[in-house]
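Below is one structure, written out as structure tokens; the observations come after it.
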Amino acid sequence: MEQRLPVPKKSGSMRTAKPRRPHGRWVYYILHEDILWPCPVKWEWESSYHAWLPFYYSPTLEFVAGNPAKATKITKTKR
């Protein structure tokens, strides 16, 4: 009699899980008309890049994707 191995069930663990969204407050600094503008960042998952990308509203009110390396995290200061 032929003995078969059990077939593993498909589960969510077989997929590659996306990493957690960066937590905290982030800004993207833009130099526009000789003024340094702090633009708040909203992180969105881009499946084509398999990464979280920072999106922000530019000083001209366009919703733009930025370079993740240039996004700056705002830390709480102790007073």
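The values are calculated or read from the model by the stated rules, or taken from the named source; none is laboratory data. Worth saying up front: this structure is predicted, and the values here are computed from it rather than measured. A quick note on method: Cβ atoms are made from the backbone with ideal geometry, for glycine too, and the neighbour counts reach across all protein chains shown.
When LEU53 is tested against (1) touching a helix residue (DSSP H, G or I) at 6+ places or on another chain (Cβ under 8 Å); (2) closer than 10 Å to TRP26 by Cβ, only condition (2) is not met. The single condition from (1) on the phi > 0 side of the Ramachandran plot; (2) outside any loop (DSSP other than H, G, I, E, B); (3) not acidic (Asp, Glu) that LEU61 fails is (2).
Is one or more of the residues making up segment 42-54 farther than 17 Å from PRO19 by Cβ, of a type in the set (A, V, I, L, M, F, W, C), out of contact with any Asp or Glu (no Cβ under 9 Å at 6 or more places or on another chain) and touching a residue at least 12 places away in the same chain (Cβ under 8 Å)? No, segment 42-54 contains no residue that is farther than 17 Å from PRO19 by Cβ, of a type in the set (A, V, I, L, M, F, W, C), out of contact with any Asp or Glu (no Cβ under 9 Å at 6 or more places or on another chain) and touching a residue at least 12 places away in the same chain (Cβ under 8 Å).
Do we have GLU46 as out of contact with any strand residue (DSSP E or B) (no Cβ under 8 Å at 6 or more places or on another chain), modelled with pLDDT of 80 or more and not hydroxyl-bearing (Ser, Thr, Tyr) here? Walk me through it before giving the result.
Details: out of contact with any strand residue (DSSP E or B) (no Cβ under 8 Å at 6 or more places or on another chain): no; modelled with pLDDT of 80 or more: yes; not hydroxyl-bearing (Ser, Thr, Tyr): yes.
So GLU46 fails the test.
For TYR49, all conditions in the list (1) more than 13 Å from the chain's Cα centre (by Cα); (2) surrounded by fewer than 11 Cβ atoms within 10 Å (Cβ to Cβ) hold save one; what is the number of the exception? Of (1) more than 13 Å from the chain's Cα centre (by Cα); (2) surrounded by fewer than 11 Cβ atoms within 10 Å (Cβ to Cβ), only one is false for TYR49: (1).
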